[in-house]
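Single-structure report; data block below.
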Amino acid sequence: MQVAYNKIHNRFKLNGISFSREELKEVAYSLIKEGAPWELSMGDFLLDWLSDVPTLEVMTSGSTGKPKRLTLQKQAMVNSALATGDFFGLEVGDTALLCLPTDYIAGKMMLVRAMILGLELYYVEPTAQPLQAARGRYHFVAMVPLQLVASLDELSRIKKLIVGGAPIPHALKEKVGDMPTAIYETYGMTETITHIAAKKITGPDRPFTILPGVAISKDERDCLVINAPHLLKETIPTNDVVDLVSETEFQWLGRYDNIINSGGVKLLPETIEAKLSPFVEGRFFVAGLPDSKLGEKLVLVVEGTPEEDLLAKLKASKKLEAFEVPKEVVVVEKFEETKNGKIRRAASLALLA
């Protein structure tokens, strides 16, 4: 049974209050006229969603290129919400927390899920420490890794947490490994209307498992190809290099456009970064810089001040292959970021020039 995008579940609540479709429009107008700056985008989105137009426009985050505007079908967004509810076992009346900016698809979809699935949604300002302002216990919450780091002491208030927007660092996965909260790393993008796959990071290491209605394959570059007719009519080729574990599972290895060709050896930065994570404090990434002998040499780019003996420690490690050890460590005082906190690698590297 298909759920229409112009229907709001009769059990939906926003900050503890039930609203009809017309009443929710008044809430949207109020947010626009009287709300705090971060509430304006929520009001704008609600008005767009409650209009009779079957599509709406969203902006990509710009983490892998310039931000761009996309047109999405509202019915596809409903289908995405239903798949999420099915995958994570969400039930009518479950409490949820919106602590992501509604400028982007992840925040917008928390509202859509609540309106379609009949969740009781509470919202707070999308800060780095959202649980400081949120007072309740929640069945379902979405965060970015930065928010997860700042919320470790209060995670017991959350039953299921999805984390997206950027890969979760290895060190952070180790910190949450034995927590009672079910924490999932998600895979997706604006084009796929947030996540199309997820993996639980509490407990043993797992591959990503696709959500209902999704099929996956690989192209000649070993990059993931997504077929999700309930979201988009055409297949979606990605630049994500993967290993297909089964018809429904895959391991994410890194971005094809980040591959470094060093002396004929193709290096996936994200795979190497996962191995480097236990040795490096703070934020970092690896990249390729021009080299007269190798073509590109692998370098470790760190934010702030690294340990004096960091490179020696990496060279002495038995957990790294020889080609995975960076040739040098370079320092950037402050990484360039997108508006929602993702590192802009190319822009950060440009600061070295």
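The lysines whose alpha-carbon is closer than 20 Å to the alpha-carbon of LYS159, local same-chain residues fewer than 8 away aside, are LYS13, LYS173, LYS175, LYS199, LYS200.
Separation of the alpha carbons by more than 18 angstrom is noted, of LYS68/LYS233; LYS275/LYS318; LYS275/LYS327; LYS7/LYS108; LYS293/LYS315; LYS74/LYS233, for LYS68/LYS233; LYS293/LYS315. Between GLU303 and ASP52, what FRET efficiency follows from the Cβ-Cβ distance if R0 is 41 Å, with the result rounded to 0.05? That pair, GLU303 with ASP52, gives E of 0.30. For ASP243 and MET59, the FRET efficiency from 1/(1 + (r/R0)^6), where r spans their Cβ atoms and R0 equals 25 Å, is about 0.20.
Starting from the Kirkwood radius over alpha-carbon pairs of region 282-328, derive D by Stokes-Einstein at 4 °C in a medium of 1.567 mPa s and give it in µm² s⁻¹. Mind showing how you got there, number by number?
Values: Rh = 11.5 Å.
After rounding, the answer is 112 µm²/s.
When only alpha carbons are used to place a centre, region 147-168 and region 268-344 end up 25 Å from one another. Per-residue extension of 0.36 nm, minus the Cα-Cα distance of ARG69 and LEU311, leaves a gain of 83.0 nm for this segment.
Working from label points 7 Å from Cα in the Cα-to-Cβ sense, the ASP86 to ALA150 distance is 3.6 nm.
Summarising the amide proton neighbourhood of THR194: residues at separation of 5 or more, or on other chains, whose placed amide H is nearer than 5 Å comprise MET189.
Kindly report the accessible area of region 26-177 per residue (heavy atoms of protein chains, probe 1.4 Å, no ligands, DNA or RNA), in Å². Show your work: numbers first, answer last.
Details: 6440 Å² over 152 residues.
Normalised by residue count, the accessible surface of region 26-177 is 42 Å².
Given +1 at the Cβ of Lys and Arg, -1 at the Cβ of Asp and Glu and no other charges, the dipole of the chain around its Cα centre is 220 debye to the nearest 20. With all protein chains in place and a 1.4 Å probe, the accessible surface of region 1-152 carries 51 percent carbon and sulfur.
A simple packing score, the average count of other Cβ atoms within 10 Å per residue, orders the peptides 278-287, 48-57 as 278-287, 48-57, with the highest score first.
Which net charge results when you count Lys and Arg as +1 and Asp and Glu as -1 among the other residues whose beta-carbon is under 14 Å from that of GLY136? Neighbourhood net charge equals +2. The residue among MET179, THR192, LEU117 whose Cα reaches farthest toward the positive pole of the charge dipole of the chain, with charges on the beta-carbon of Lys, Arg, Asp and Glu, is LEU117.
Subtracting the Cα-Cα distance from 0.36 nm times the residue separation, let me have the gained length for LYS7 to GLU337 in nm, one decimal. Working shown, then result.
Details: separation 330, 0.36 × 330 = 118.80 nm, distance 3.71 nm.
Working it through step by step, the gained length comes to 115.1 nm.
Between TYR122 and ASN15, ALA96, LEU97, LEU98, the built amide H atoms are under 5 Å apart, and every one of these is 5 or more places off in sequence or on another chain. One chain, two ends: ASN15 and LYS200. Fully extended at 0.36 nm per residue, the span grows by 63.8 nm beyond their Cα-Cα distance.
Set the Förster distance to 25 Å, then compute FRET efficiency between ILE236 and ALA274 from the Cβ-Cβ distance, nearest 0.05. It would help to have the intermediate numbers written out before the result.
Values: r = 25 Å, r/R0 = 0.99.
That pair, ILE236 with ALA274, gives E of 0.50.
I need the peptides 178-191, 124-137, 14-27 ranked by packing, meaning the mean over residues of other C-beta atoms within 10 angstrom, with the highest value on top. Working shown, then result.
Details: 178-191: 18.6, 124-137: 15.6, 14-27: 13.6.
Those peptides, ordered most packed to least, come out 178-191, 124-137, 14-27.
The values are calculated or read from the model by the stated rules, or taken from the named source; none is laboratory data. Only a predicted model underlies this, so the values are computations on that prediction, with no experimental measurement involved. All Cβ positions, even for glycine, are placed from backbone atoms using ideal geometry, and neighbour counts span all protein chains on display. Only protein heavy atoms, including side chains, enter the accessible area calculation; ligands, DNA and RNA are left aside. Shrake-Rupley method; radii C 1.70, N 1.55, O 1.52, S 1.80 Å.
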